[in-house]
Amino acid sequence: MTKLTTLFIIFLFSSILLFIKSSNASTTYNVLTFGAKPNGQIDATQPFLNAWGAACTSVEPTMIYVPKGRYLIKEATFRGPCKNKIIVKIDGTLVAPLDYWDIGNSGYWILFIKVNGISVIGGNIDAKGDGFWACRKSGNNNCPVGARSITFNWANDVVISGLLSINSQVTHLVINSCNNVMVKNVKIIAPDQSPNTDGIHVQSSTNITIIGCRIKTGDDCISIGPGTRNLWMEKILCGPGHGISIGSLGREYEEDGVQNVTLSYSIFTGSDNGLRIKSWARPSTSFVKNINYRNIVMKYVDNPIIIDQNYCPNSQDCPQQTSGVKISEVIYKNIEGTSTTEVAMNFDCSPSNPCQGIQIQDIKLTYMNKKAKSFCNNIQGTKKGVILPDTCI
């Protein structure tokens, strides 16, 4: 049993215990009793906040219950610390205002901050991002910055299970500066041309588990930012979207790295990328270390395996520079399927900090049922088993 597998079992067990314990809520607060109207037209933000206030100050474990119906919610901050564990059980749908300006400049729509022992179970959230995307695509410089649909900041012992998020203005689910988070059976949907609608973004967080999620979106299915440690992802269905990406890293010189990440038993379908690591082409103290990709299927993916250390959008702040991000100990094992581009494995590493300790084993990738190619630049590693396309490592 590997160290990462042992860590995953510990995280999973602790998350299940957290969910079981928190399910024994002794007091239930129904948002209807606080005045929320389930018609999707009358603003229910304050009734929801009032229900949260009552639950958060209770000394007993509590549940906030959202019955079936549609609830109009403007930007809402559910703030801790609270005196107990709280379950938010949603059987209805939370909808954002039709006017994207109502939440668009806040940076978030639904925010949980400094809350420990919070579980969000079930429900649908619809951010109605269409109008915001149209503004962005029009080239209008007066668009708002956009709101993330649901964000957890500085929260510990979190469970998010059975949630459906559709049409976020920007990122759907953000986990930032958190510890011990379980994301399970979450479904995320946005059109493939919707800009910057990442499915799940994790950064500055430790002991995160993401299992059984279906993500169709216009940007990364899952994006992994600086400061992420001990992230386990399993049974992810990704596509359309930009794949599962570590990075981009190295935008700042003083920047934390990413360490101990595993992705297994997952399927990519029609995505722009599969397994991507990318970093800015400029100096940085950041790093990527101990990454394990295994048992992955690619179905018509543009770039199934890619390391890009020459990321320099719009050629700003990085021409004639090289990436300082150190990438090491990355394992690709038992990956098969089809690439829609001839180069199915693309390792474009930094000339000043070559990729080291890259291991590839049992890779079977074809280019539209033809022989694919691999590309290597500034990489050191080993190979084992059958490797298709022929590796340049």
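The values are calculated or read from the model by the stated rules, or taken from the named source; none is laboratory data. These figures come from a predicted structure and were not determined experimentally. Ideal geometry is used to build each Cβ from the backbone, glycine not excepted, and the neighbour counts take in all protein chains shown. Remember, those area values only see protein heavy atoms, side chains included, never the ligands or the DNA or RNA. Shrake-Rupley method; radii C 1.70, N 1.55, O 1.52, S 1.80 Å.
Can you tell me which of Gly131, Gly107, Gly162 is open to solvent by less than 50 Å² (accessible area, probe 1.4 Å), more than 18 Å from the chain's Cα centre (by Cα) and within 24 Å of Ala44 (Cα to Cα)?
Of Gly131, Gly107, Gly162, the one residue that is open to solvent by less than 50 Å² (accessible area, probe 1.4 Å), more than 18 Å from the chain's Cα centre (by Cα) and within 24 Å of Ala44 (Cα to Cα) is Gly131.
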Next on the checklist: Could you go through the stretch 299-307 and let me know if any residue there is farther than 18 Å from Pro226 by Cα and among the basic types (Lys, Arg).
Outcome noted: yes
Next on the checklist: Quick check on the stretch 11-44: of everything there that is at pLDDT 95 or above, surrounded by fewer than 16 Cβ atoms within 10 Å (Cβ to Cβ) and β-branched (Val, Ile, Thr), which residue is farthest from the chain's Cα centre (by Cα)?
Outcome noted: Thr33
Item to check | Thr366 being over 22 Å from Gln259 (Cα atoms) and touching a residue at least 24 places away in the same chain (Cβ under 8 Å) | outcome: yes
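Looking at the stretch 63-99, which of its residues are of a type in the set (D, E, K, R) and either closer than 15 Å to Ala51 by Cα or under 24 Å from the mean Cα position of the chain (by Cα) (or both)? Walk me through it before giving the result.
Within the stretch 63-99, the subset of a type in the set (D, E, K, R) is 68, 70, 74-75, 79, 83, 85, 89, 91, 99.
Passing the criteria: Lys74, Glu75, Arg79, Lys83, Lys85, Lys89, Asp91.
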Checklist entry - Of Asn167, Asn185, which residue is over 19 Å from Ser266 (Cα atoms) and either open to solvent by 40 Å² or more (accessible area, probe 1.4 Å) or polar (S, T, N, Q) (or both)? => result Asn167
Next on the checklist: Please pick out the residue among Asn314, Asn377 that is open to solvent by 50 Å² or more (accessible area, probe 1.4 Å) and in contact with an Asp or Glu (Cβ under 6 Å, 6 or more places away or on another chain).
Outcome noted: Asn377
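Report, by residue number, each residue of the stretch 102-137 that is of a type in the set (Asp, Glu) and in a strand (DSSP E or B). Talk me through it step by step, then tell me what you get.
Within the stretch 102-137, the subset of a type in the set (Asp, Glu) is 102, 126, 130.
If the condition is that a residue be of a type in the set (Asp, Glu) and in a strand (DSSP E or B), then Asp126 is the only one that fits.
Return the residues of the stretch 59-95 that are among the hydrophobic types (A, V, I, L, M, F, W, C) and either out of contact with any strand residue (DSSP E or B) (no Cβ under 6 Å at 6 or more places or on another chain) or surrounded by fewer than 18 Cβ atoms within 10 Å (Cβ to Cβ) (or both); say none if nothing qualifies.
If we filter the stretch 59-95 for residues that are among the hydrophobic types (A, V, I, L, M, F, W, C), which is where we start, we get 59, 63-64, 66, 72-73, 76, 78, 82, 86-88, 90, 94-95.
Listed by number, the residues that qualify are Val59, Cys82.
Check Asp157, Asp102 and return the single one that is more than 21 Å from the chain's Cα centre (by Cα) and open to solvent by 20 Å² or more (accessible area, probe 1.4 Å). Outline the logic, then answer.
Numbers: Asp157 fails: more than 21 Å from the chain's Cα centre (by Cα).
Within the list Asp157, Asp102, the selection yields Asp102.
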